[in-house]
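The values are calculated or read from the model by the stated rules, or taken from the named source; none is laboratory data. Remember, it's a predicted structure, so these values are computed and weren't measured experimentally. When we count neighbours, we look across all protein chains shown, and the Cβ atoms used for this are built from the backbone with ideal geometry, even at glycine.
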Ligand SMILES: *Cc1c(COP(=O)(O)O)cnc(C)c1O
């Protein structure tokens, strides 16, 4: 060890603890650029002097001081997503819900009104009705595919935000971003889109008129079910507000998680092409099966918004929904008869995942409530993974056979325990 301590030329400390801390935190100087983004696993960044620290931590000059305010690996992720969304700026957060929350809180104040699609992600609905409404935000839900209803809701009272999702859970309903952004702007509202079910490879809402777009990077962006993250993209001024909210609320993304999302993004295009090709083939096969009453896939001509999807989407995506004949017990029985998918409730992963909304995410609704939401008792939502198509078809075919046999024998399909669904 040299006799002086680093660049400041002061005498080296002699005590063991001081030496251990200094010795183990000396970052190597690297002149060669690594071909992956380094994981800056640091909460704090040192500055040359007290003045620079004050400038950097008050955001007056670019740089890093404290990782809740900014971290190089996390910034690299935000910049990558901004580029893919076609956005001037983006900000990455600890989860998709952290991103939805920061995006909405950056725009809404007490007394403001938000009009949101009725088919909104479950936690986003709770955020609106259980978290934001008690703070004085007025919330109205509307069928976002009914443009007259959206226009009426926006006209009814001054509205700050119109909120929709590119592909709705669980029915795969597709909204028309061009029409909705025009409606929002005509009424002085911002149009905010959750694009998680599509991913920026499939759809880029900012290019279609949206003001902010949110992705749960836990899903397709990372793609392997091994990390949680969220990103908000949009114009610089709006993203600065999102950042301000995050700094004071703390949904801070860790650098290791950001690295994993960056690694996932490098294969997003090839994964989405394969997800979509397999989903399209599986959907077309399902349409021909006995016991399957209806198949919903944005890339199939029979989908109610096929024309909108064809205009807005590069491919049909990896999410499909299908309806089995029978009551609420057939969905869990079908799932229990499958062996290829992982028995879990997320989406956008290498693994195929099948869920039964009527006994999980939408279990609080009775059959009439389900019907109103466009959900039949036998509806299954499938996030089509990257397994071989033939294996999925064999597996789904076998499970359909089990369900048909149970129905023919008049025995109720297994009442699988309802599991909590994210
Ligand atoms: C998963 C998901 C979220 C929430 O993302 P997390 O990363 O789980 O917090 C929000 N919106 C949609 C559409 C999702 O699928």
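Taking residues in segment 5-28 that are modelled with pLDDT of 85 or more, and partners anywhere that are part of a helix (DSSP H, G or I), the pairs with Cβ atoms closer than 9 Å and at least 6 places apart or on different chains are 22/6; 26/6. So how many residues does segment 375-393 have that are farther than 12 Å from residue 358 by Cβ and in contact (Cβ under 8 Å) with a residue 24 or more places away in the chain? The qualifying residues number 10.
Using the structure shown, decide if residue 63 is at pLDDT below 95 and under 21 Å from residue 255 (Cα atoms).
Values: at pLDDT below 95: yes; under 21 Å from residue 255 (Cα atoms): yes.
Here the answer is yes, as residue 63 does meet what is asked.
Hey, any hits in segment 156-172 for a residue that's within 16 Å of the ligand (Cβ to nearest atom) and farther than 30 Å from residue 377 by Cβ? Even if it seems obvious, please write down each step before you answer.
As a first pass, look at segment 156-172 and keep what is within 16 Å of the ligand (Cβ to nearest atom): 161, 163-172.
Narrowing further to those that are farther than 30 Å from residue 377 by Cβ: 161.
The answer is yes; a qualifying residue exists.
Of the residues making up segment 167-180, those that are assigned to a loop (DSSP other than H, G, I, E, B) and out of contact with any helix residue (DSSP H, G or I) (no Cβ under 6 Å at 6 or more places or on another chain) are 168, 169, 171, 172, 173, 175. Among residues of segment 110-128 that are farther than 11 Å from residue 97 by Cβ, those with a Cβ under 7 angstrom from a residue that is within 14 Å of the ligand (Cβ to nearest atom) and in a helix (DSSP H, G or I), sequence gap 6+ or separate chain, pair up as 114/128; 116/128. Scanning segment 83-100 for residues that are surrounded by fewer than 24 Cβ atoms within 10 Å (Cβ to Cβ), more than 9 Å from the ligand (Cβ to nearest atom) and assigned to a helix (DSSP H, G or I) yields a count of 2.
Here's a check for you: in segment 132-154, which residue that is in a helix (DSSP H, G or I) and without any contact (Cβ under 8 Å) to a residue 12 or more places away in the chain is nearest to the ligand (Cβ to nearest atom)?
Narrowing segment 132-154 to residues in a helix (DSSP H, G or I): 132-135, 147-154.
Still in the running and without any contact (Cβ under 8 Å) to a residue 12 or more places away in the chain: 133-134, 148-149, 152.
Working: 133: 18, 134: 21, 148: 25, 149: 21, 152: 25 Å.
Only one residue tops the list, namely 133.
For the structure I just gave you, tell me whether residue 115 is touching a strand residue (DSSP E or B) at 6+ places or on another chain (Cβ under 7 Å), part of a strand (DSSP E or B) and away from the ligand (no atom under 12 Å from the Cβ). When the stated conditions are applied, residue 115 passes them.
Out of segment 201-221, which residues are within 15 Å of the ligand (Cβ to nearest atom) and either in a strand (DSSP E or B) or within 16 Å of residue 175 (Cβ to Cβ) (or both)?
Listed by number, the residues that qualify are 202, 203, 205, 210, 212, 213, 214, 215, 216.
Under the condition of being within 20 Å of residue 341 (Cβ to Cβ) and surrounded by fewer than 21 Cβ atoms within 10 Å (Cβ to Cβ), the residues counted in segment 300-322 number 0.
If I ask for residues that are assigned to a loop (DSSP other than H, G, I, E, B) and over 13 Å from residue 73 (Cβ atoms), which ones from segment 21-44 would you list? First the steps, then the outcome.
Let us first name the residues in segment 21-44 that are assigned to a loop (DSSP other than H, G, I, E, B), namely 24-43.
Answer for segment 21-44, where residues must be assigned to a loop (DSSP other than H, G, I, E, B) and over 13 Å from residue 73 (Cβ atoms): 24, 25, 26, 27, 28, 29, 30, 31, 32, 33, 35.
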